[in-house]
Amino acid sequence: GGLEELAQVEGLLGYMQDLHKAGYPDVVPNTVAHNILLSAYARLSEHNHEDAPLKAEKLLRRMQVMGEDAAPDHISFTKIILAWTNANRPTSGQRAGYWLDKLWELYEEKGNDSRLRPKIGTYNLVIKAWKHDPQNVEKVFMQLLRAEKAKGETHLRPNTESFSHLIVSWSKHDLSRAVMWLEELMRREESSATSPFSITTTPELYKVLLRRASLDPSHENLSLGLKVFEYLRSSRHVVDIQAYASLLKLGLRTLPEPQHDADRRNFVADTIQDCCNDGLVSNVFVRELANAPTYHTGWTAKESKASVTEYFPEWPIPASWTRNVRDEFNIPQESDTVRKSHDVLYHRVPESKY
């Protein structure tokens, strides 16, 4: 498993320390040597070695009493935090936050020693350790914003990774808040164009939000999804087949009822028109149109089939409609229009107030 070998290395470092104390000044198990071992524990934590984060903590505590040669620096603390982040346990966020606080305490205790100054990478690891709890992710993120605003701490300025962890974490719990932070990132991206502190959006961020919206269809999420899609189209990034498929999936699952007929038909027509114009009609997109869940009324199997026939009447479809589909595997075929499931659903009846 690796832990036994690392324990031997740790024992060797202890032996070197004993030799140093016994009068061998050239034998110095210094901070760098200990940090290498801490890095190994952090890597092991990623592979379900339950004792690795605890072993790392034990080693750091030992470093704190070994004298100046082996005194922990910000790298030492960052490796401890990385170990907890990699462990991905329910307590990972709490432990990572604890060691960040300890790093700040030691930094101030040592008179703001630059070797102990926390870095943005350290904060990003703590944010990542809280990834399942967006409220705590945001708390740590707000510490960065406060440091930036109050102290001008440019070394702690939130970067693309900081925003990405925050946005993805919120996307699983509150899409509107995730979009809010995306908009803040977009604002900073625009203003940083002439700044040495560059920060950027990534295409994956937009697509994550579209996917999350499609997995939880609602009128609010449809509005948010449309907004995110337009943000993507107007950005410097390229819209791809997955973005269009997620948007179509979101619309068809949000607007299946009879009272949505006009809105749904307009949505489908506009989305297919844009997809054709962008040359991104893919097998994923066509299958979504052909296989979205159908109901006894509203979006029925009959309307689904009629829509497929109306928009894709002849095969093969024009090459211009697929000109930007990168993988030949994703070029749609007529077989993609065949419905795979014939289950018919009933619309949910609103619960009585009485």
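If the condition is being closer than 24 Å to Glu204 by Cβ and either in a helix (DSSP H, G or I) or hydrophobic (A, V, I, L, M, F, W, C) (or both), then the range 143-160 contributes Leu144, Leu145, Thr160. Remark: Glu46 falls outside the filter, which requires a residue to be free of Cβ contacts under 8 Å to residues at least 40 places away in the same chain, of a type in the set (Asp, Glu) and open to solvent by 60 Å² or more (accessible area, probe 1.4 Å). Among residues of the range 328-339 that are part of a helix (DSSP H, G or I), those with a beta-carbon under 6 Å from a residue that is surrounded by fewer than 14 Cβ atoms within 10 Å (Cβ to Cβ) at least six positions away or on a different chain give the pairs Glu334/Trp315. Condition check: surrounded by 21 or more Cβ atoms within 10 Å (Cβ to Cβ) and either at pLDDT 95 or above or touching an Asp or Glu at 6+ places or on another chain (Cβ under 9 Å) (or both). Does Val308 satisfy that? Taking the combined requirement at face value, the residue does not satisfy it. With respect to the conditions (1) touching a residue at least 12 places away in the same chain (Cβ under 8 Å); (2) more than 30 Å from Leu185 (Cα to Cα), Tyr231 falls short on a single one, namely (2). Looking at Glu204, is it of a type in the set (Asp, Glu), over 30 Å from His347 (Cα atoms), touching a Lys or Arg at 6+ places or on another chain (Cβ under 9 Å) and at pLDDT 95 or above? Taking the combined requirement at face value, the residue does not satisfy it.
Report yes if Gly279 is of a type in the set (Gly, Ala, Ser), assigned to a helix (DSSP H, G or I) and modelled with pLDDT of 95 or more, otherwise no. Quick ask: steps written out before the conclusion?
Details: of a type in the set (Gly, Ala, Ser): yes; assigned to a helix (DSSP H, G or I): no; modelled with pLDDT of 95 or more: yes.
No: the conditions fail for Gly279.
In the range 1-32, of all residues being under 20 Å from Ser76 (Cα atoms), surrounded by 15 or more Cβ atoms within 10 Å (Cβ to Cβ) and out of contact with any His (no Cβ under 8 Å at 6 or more places or on another chain), the one that is modelled with the lowest pLDDT corresponds to Leu6. Of all residues in the range 286-314, those satisfying the criterion of being outside any helix (DSSP H, G or I) and over 30 Å from the mean Cα position of the chain (by Cα) are Thr294, Tyr295, His296, Thr297, Gly298, Trp299, Thr300, Phe312, Pro313, Glu314.
The values are calculated or read from the model by the stated rules, or taken from the named source; none is laboratory data. Only a predicted model underlies this, so the values are computations on that prediction, with no experimental measurement involved. So basically every Cβ, Gly included, is an ideal-geometry build from the backbone, and we count neighbours across all protein chains shown. In case anyone asks, the SASA skips ligands and DNA or RNA and just uses the protein heavy atoms, side chains included. Shrake-Rupley method; radii C 1.70, N 1.55, O 1.52, S 1.80 Å.
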